[in-house]
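Okay, structure first, notes after.
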Amino acid sequence: MTSESSFQLYPAIDVRGGRVVRLAQGDYERETTYGDDPLAAARGYADQGARWLHLVDLDAARAGGYTLAPLLRALRQTTGLQVQTGGGVRGRSDVLALLEAGATRVVIGSLAVRAPLEVLSWLAEFGPERITVALDARQDAAGVWQLPIHGWTEGSGVALDELAVRYADAGLQQLLCTDIARDGMLSGPNFALYRHLVALLPGVQVQASGGVHAVGDVREAKRAGCGGIVLGRALLEGRFTLEQAFAEAAAC
């Protein structure tokens, strides 16, 4: 089990067209809007004691070209939050731009699957503390966790375990993993998957993401050995508060 000091809560804000939204299973046609002021939402989380924010640029994730640099600067200047953020990272210049805009960590998803050599070079250059690798996985008929790309619409032929171990061997510190089938569905996280990854990747902080529906999921993520949990739709819909989530983590 991770220590209380190392376990982190990551309230999540996904932004599309300047609005706070959530997608069901990554489907842009299944969008729910939760407000038009991401900065105010982030301030609300900071007021509730958040230390981190997970910020996703959905427009960039689809078309490339990170669009939230002004928001990122405002977040760092006015909230004090540490921000891990991504969406549309296509090359080294994108990583550098996000770090210069104030990101604490840059989240790299599809490119981590398609171009691991490039991403491994960034781990070495910028330091593993500045990079979060996000591997979104779907279990195939044989029970193997595969890593689809291009908005989860195409197979990559790459298995989660194989690639995760490769990054861990290179010094990766932060791995965010989403069970695609549960993303945005409020069906509960896949704790069996996270226990597997924690055992497979000693020394890596595994961030649970996708499916959180009740405050007890926070405690279960910590018991599973995760280094943190991303809280998205459940917080936005008021199923529990961030203060309650902190209390649940402390009780474990």
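The values are calculated or read from the model by the stated rules, or taken from the named source; none is laboratory data. Computed from a predicted model, the values in this text were never measured in an experiment. We place every Cβ from the backbone using ideal geometry, glycine too, and count neighbours over all the protein chains shown. Just the protein is used for accessible areas: all its heavy atoms, side chains included, with ligands, DNA and RNA removed. Shrake-Rupley method; radii C 1.70, N 1.55, O 1.52, S 1.80 Å.
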Q: Within segment 208-244, work out how many residues are closer than 20 Å to LEU135 by Cα, in contact with a Cys (Cβ under 7 Å, 6 or more places away or on another chain) and of a type outside the set (Gly, Ala, Ser).
A: 1
(Q) Condition first: assigned to a strand (DSSP E or B) and of a type in the set (Phe, Trp, Tyr). Can you find one or more residues in segment 28-44 that meet it? (A) yes
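Within segment 202-220, can one find any residue that is among the polar types (S, T, N, Q), out of contact with any Lys or Arg (no Cβ under 6 Å at 6 or more places or on another chain), assigned to a strand (DSSP E or B) and open to solvent by less than 10 Å² (accessible area, probe 1.4 Å)?
Applying the first criterion (among the polar types (S, T, N, Q)) to segment 202-220 yields 205, 207, 209.
Then keep just the ones that are out of contact with any Lys or Arg (no Cβ under 6 Å at 6 or more places or on another chain); that gives 205, 207, 209.
Going one step further and asking which of them are assigned to a strand (DSSP E or B), we end up with 205, 207, 209.
Checking which are open to solvent by less than 10 Å² (accessible area, probe 1.4 Å) leaves us with 207.
There is at least one residue in segment 202-220 that is among the polar types (S, T, N, Q), out of contact with any Lys or Arg (no Cβ under 6 Å at 6 or more places or on another chain), assigned to a strand (DSSP E or B) and open to solvent by less than 10 Å² (accessible area, probe 1.4 Å).
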Q. Taking segment 184-198 as the region of interest, how many residues are touching a residue at least 40 places away in the same chain (Cβ under 8 Å) and not in a loop (DSSP other than H, G, I, E, B)?
A. 1
(Q) Looking at segment 233-252 only, could you name the residues that are in contact with a Gly (Cβ under 8 Å, 6 or more places away or on another chain), at pLDDT 95 or above and within 21 Å of VAL56 (Cα to Cα)? (A) LEU242
Q) Filtering segment 221-241 down to residues that are within 15 Å of TYR34 (Cβ to Cβ) and part of a helix (DSSP H, G or I), which residue is most open to solvent (accessible area, probe 1.4 Å)? A) ARG233
Q. Just a yes or no: is a residue in segment 35-47 aliphatic (A, V, I, L, M), within 22 Å of ARG130 (Cβ to Cβ) and touching a residue at least 12 places away in the same chain (Cβ under 8 Å)?
A. yes
